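Contents: one structure, followed by commentary.
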Amino acid sequence: MIQLGEFQLHFILESTIRMDSGGAFGLVPRALWSPLMPPDEDSRVLMTHNCVLVQAHGKNILIDTGNGDKLPEKQQKFMQLDHPNGSLLDGLGRLGLKAADIDVVIDTHLHADHAGSNTRYDAEDKIVATFPNAEYVVQRREYEDAMRPNERTRATYLPLNYQPLAESGQMRLLDGDTEIAPGIWGVVTPGHTPGHMSIRLESAGQQALFVCDMASFAIHFERLGWMTAWDVEPLVTLETKRRWQQWALETGALLIFAHDPQRPAGRYVMGADGKASVQKVDEAFV
């Protein structure tokens, strides 16, 4: 747990996968990235799926829900999907919480690895909300894109993760930067998708940013030209990172990365050599 002013931040490792390095690093030459993120014998790199529970104002606010368990077995095997600490609900259980205790679920975007546990199958094999009492929030642009996927995006936009929530009225669609709760903002950080958002937290003068897929790994945040092949607007990603690099330097904010197994949290600081880098901050996963 990390204390941020009056907020408590709990890191939950929902799952891990191994993905082809061409996806994780796009056009970056292997000789540059491999010493920093060593691949396995099949040229795959480990990616975590970190969710964050924010306890603030007497509310339990969950950022992202990970892969979940609804993916076909063939796809899970291909991704080498694993839940080393159990499910997202298991992680919440270790904090003394049940699904019904979650008040808000913030979907940074609706890719299957970030919204997979939004819903579940009930005893009658029907799709229901995993968190029955929560309000789910996502950017309207993201939802609209997810409902009209193309040949490139349809494999990761799975309507069963979000369409039932929107149709039932349990999901609220946001139009641009929004203060979701006092001190908790959803800020649009386009590039990975046009409607992607990161989550900015501020309490008692302290700040944090759940970076999400603006930069999957800390190294992506450090190097403007490095980004994944999954970014649909890579040059927009570059300019988005440029803006938030400056913000991170000015605020000293805690940065939280959704997929980085080495530096899931850190601060972007200027070194004596005039180069800035993400300095790891120790965290404890539940």
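The values are calculated or read from the model by the stated rules, or taken from the named source; none is laboratory data. What you see is a predicted model, and the numbers here were worked out from it, not measured in a lab. Here the Cβ positions follow ideal geometry from the backbone for every residue, glycine too, while neighbour counts run over all protein chains shown.
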Among the candidates ALA123, ALA99, ALA115, residue that is among the hydrophobic types (A, V, I, L, M, F, W, C), in contact with a His (Cβ under 8 Å, 6 or more places away or on another chain) and free of Cβ contacts under 8 Å to residues at least 60 places away in the same chain: ALA115
Would a scan of the range 195-205 turn up a residue that is farther than 30 Å from ARG148 by Cβ, surrounded by 23 or more Cβ atoms within 10 Å (Cβ to Cβ) and of a type outside the set (Ser, Thr, Tyr)? yes
Residue by residue through the range 257-280, note down the ones that are buried (at least 19 other Cβ atoms within 10 Å of the Cβ) and over 16 Å from the mean Cα position of the chain (by Cα). TYR268, VAL278
From the list VAL232, VAL269, VAL278, which residue is outside any strand (DSSP E or B) and farther than 30 Å from GLY58 by Cα? VAL232
Has the range 213-235 got any residue that is surrounded by fewer than 21 Cβ atoms within 10 Å (Cβ to Cβ), out of contact with any Leu (no Cβ under 6 Å at 6 or more places or on another chain), closer than 17 Å to LEU9 by Cβ and β-branched (Val, Ile, Thr)? no
Which of the helices (runs of 4 or more DSSP H) contained wholly in the range 81-181 include at least 2 residues that are small (Gly, Ala, Ser) and either surrounded by fewer than 17 Cβ atoms within 10 Å (Cβ to Cβ) or touching a strand residue (DSSP E or B) at 6+ places or on another chain (Cβ under 6 Å) (or both)? 88-94
For ARG263, state whether it is outside any strand (DSSP E or B), under 17 Å from LEU13 (Cα atoms) and at pLDDT 95 or above. yes
What are the pairs, 6+ residues apart or on separate chains, where a residue within the range 178-203 that is of a type in the set (Lys, Arg) has its Cβ under 6 Å from a residue that is surrounded by 24 or more Cβ atoms within 10 Å (Cβ to Cβ) and at pLDDT 95 or above? ARG200/LEU209
So how many residues does the range 46-56 have that are under 17 Å from ALA208 (Cα atoms) and more than 11 Å from the chain's Cα centre (by Cα)? 4
For the range 49-75, how many residues are touching a strand residue (DSSP E or B) at 6+ places or on another chain (Cβ under 9 Å) and either polar (S, T, N, Q) or in a loop (DSSP other than H, G, I, E, B) (or both)? 10
